[in-house]
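Reviewing the structure listed below.
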Amino acid sequence: MSFTQLGLNDTLARVCESLGYTIPTPIQKESIPIILKGVDLIGCAETGTGKTAAFLLPIIQRMSEKARPGVRVLVLAPTRELATQIEASYRSLAPKKNVARCATLIGGTGLSRQTDALRRGASIIVATPGRLLDHMERGAISFAYLETLVLDEADRMLDMGFWPAIRRVLAALPAERQTLFFSATMSPAIEKLARTTMRKPELVEVNQRGRAAELVEQMAYPVATESKTALLLDLLERERFERVLVFTRTRRGAERLSHILEAREHKVNRIHADRTQPQREAALRGFKDGITRVLVATDIAARGIDVDSVSHVINYDVPQAPEDYVHRIGRTGRAGNLGRAITLVTPVEELSMRAIERLTGQAVERVLLPGFGGVKSSAQTAVKPFATLKNRGSVGRRSFSPRRAR
């Protein structure tokens, strides 16, 4: 099926073709016709399957069909990095002629420049909740003409941490609007909460909820707590990883680990909430450009990094929330490429690992490496050496999952 068969006009189809994509992904195939009709939607699909384009393409078309004043579309994202990616995707997908202005409102950058962008007349706003509220409190935004609200990574946006801010934003929006929620994971409780903010939404699920990306090979290495860093160094120094994303649970842990790797002469940088916005942007840019081989990150990056060539994700710490595991390992195995996810599991983290397996419905193979104090478990397989992922190329036909898209 082509994009025009989904209801998109020839102009947008040509834009897609110019980017090298002609076949919609499953989430795009199911979502685009529904969004074009103006119906509310909850969309669940694996990471790296083109969810951003699934909502941006029909939104761009609907905006082009009738010119109206004011802010017409609001897209909310949980991290600055994801908001920036959504804006970049919008600019690559929107036709160059008569493109509606887009403003990105995120923390870490000056309010005045963002206020100037709003004064010039932005039709689409991409924002993180905290910075959006800053502008709302200053009276810099009116949502009187808002038509569409999008929550990307909706499960995180509706959890207890973000919910108070989201509730304040929702109170300022027109009741008559289209609401779109997209995520790779969504618990029944979060879906129930989401439905209270929507009008008879249609549910689109193109995979089992919480399912890990199909193109990611998963493996866990039992290890003693005091040997975890030594095991990570052994893996990084023994194997020729192309580009590695290492996740820690805390900001302090990310700082500590990055300094250790730097002392061992690895090309490394880190990204977490305590770093300034220019530092975060520089770290991500260096990683994308291949200057940095290893990027150490907290879960802020699990929903904000979209680099097609991440060969390996290493969970130095098992995440506390099982859903975060799905988003972490979804940073590899993107755009039809194969990837590998490695998790270092200490005895106290084994219960968290089992919770992840219950969520994903997949047993993660345990591999015990001699000399690192791992405890053999019922999930233990025969001891075998760590092997780098074979380069088997892309899988299947090329479909639309833009490099800068979610």
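Computed from the coordinates by the stated procedures, all read-outs in this text should not be read as laboratory data. Everything quoted here is computed from the prediction, not taken from an experiment. Cβ placement follows ideal geometry from the backbone for every residue including glycine, while neighbour counts extend to all protein chains displayed.
Once you have a ≥ b ≥ c as the square roots of the Cα gyration tensor eigenvalues for region 1-99, tell me rounded if a/c is under 1.5, and otherwise prolate or oblate according to whether a/b is larger than b/c.
On the way: a/c = 1.22, a/b = 1.02, b/c = 1.20.
The shape class here is rounded.
Give, in whole angstrom and from largest to smallest, the semi-axes √(5λ) of the equivalent ellipsoid of region 4-205, with λ running over the eigenvalues of the Cα gyration tensor.
24, 21, 15
Given Gly38, Ile314, Ala154, which one lies farthest toward the positive end of the charge dipole of the chain, if we put +1 on the Cβ of every Lys and Arg and -1 on the Cβ of every Asp and Glu?
Gly38
Counting just the Cα atoms, what span does the chain cover along each of its three principal axes? Round to the nearest Å and put the largest first.
Largest to smallest, the principal-axis extents are 66, 45, 39 Å.
Can you tell which of Pro278, Pro322, Pro222 shows the greatest fluctuation in a Gaussian network model of the chain with Cα springs below 10 Å?
Largest GNM mean-square fluctuation: Pro278.
D for region 140-238, whole µm²/s, Stokes-Einstein with Kirkwood Rh over alpha-carbon pairs at 10 °C and 1.306 mPa s: what number?
94
Please state, as a whole number in µm²/s, the translational diffusion coefficient that the Stokes-Einstein equation yields for region 84-141 at 25 °C and 0.890 mPa s, with Rh defined as the Kirkwood radius across alpha carbon pairs.
Estimated via Stokes-Einstein, D reaches 207 µm²/s.
Could you give the semi-axes, largest first, of the ellipsoid that matches region 198-355, computed as the square roots of 5 times the alpha carbon gyration tensor eigenvalues and rounded to whole Å?
On the way: eigenvalues 123, 76, 49 Å².
Sorted largest first and rounded, they come to 25, 19, 16 Å.
Using a simple charge model, +1 on the beta-carbon of Lys and Arg, -1 on the beta-carbon of Asp and Glu, nothing else, what dipole does region 4-205 show about its Cα centre, in debye to the nearest 20?
Around 740 debye, computed over region 4-205.
What list of ³J(HN,Hα) couplings, whole Hz, do you get for region 108-121 from phi and the Karplus terms 6.51, -1.76, 1.60, once you set θ to phi - 60° and write x for glycine and proline?
x, 10, x, 5, 5, 5, 5, 5, 4, 5, 5, 5, 6, x
Top mean-square fluctuation among Thr185, Thr49, Thr229, Gaussian network model of the chain, C-alpha springs under 10 Å?
Comparing Thr185, Thr49, Thr229 in the GNM, the peak value goes to Thr229.
What residue among Met157, Met136, Met198 shows peak mean-square fluctuation when the chain is described by a Gaussian network model with Cα springs under 10 Å?
Its mean-square fluctuation being the largest, the pick is Met136.
How big is the gap, in Å, between the Cα center of region 117-186 and the Cα center of region 270-342?
Each part's Cα centre sits 25 Å from the other's.
Quote to one decimal, in nm, the extra length available between Met219 and Arg238 on full extension: 0.36 nm per residue of separation minus the C-alpha distance between them.
Answer, rounded to one decimal: 5.1 nm.
Quick one: net charge of His135's neighbours, Cβ under 13 Å, K/R +1, D/E -1?
That sum, taken over residues with Cβ under 13 Å, equals +2.
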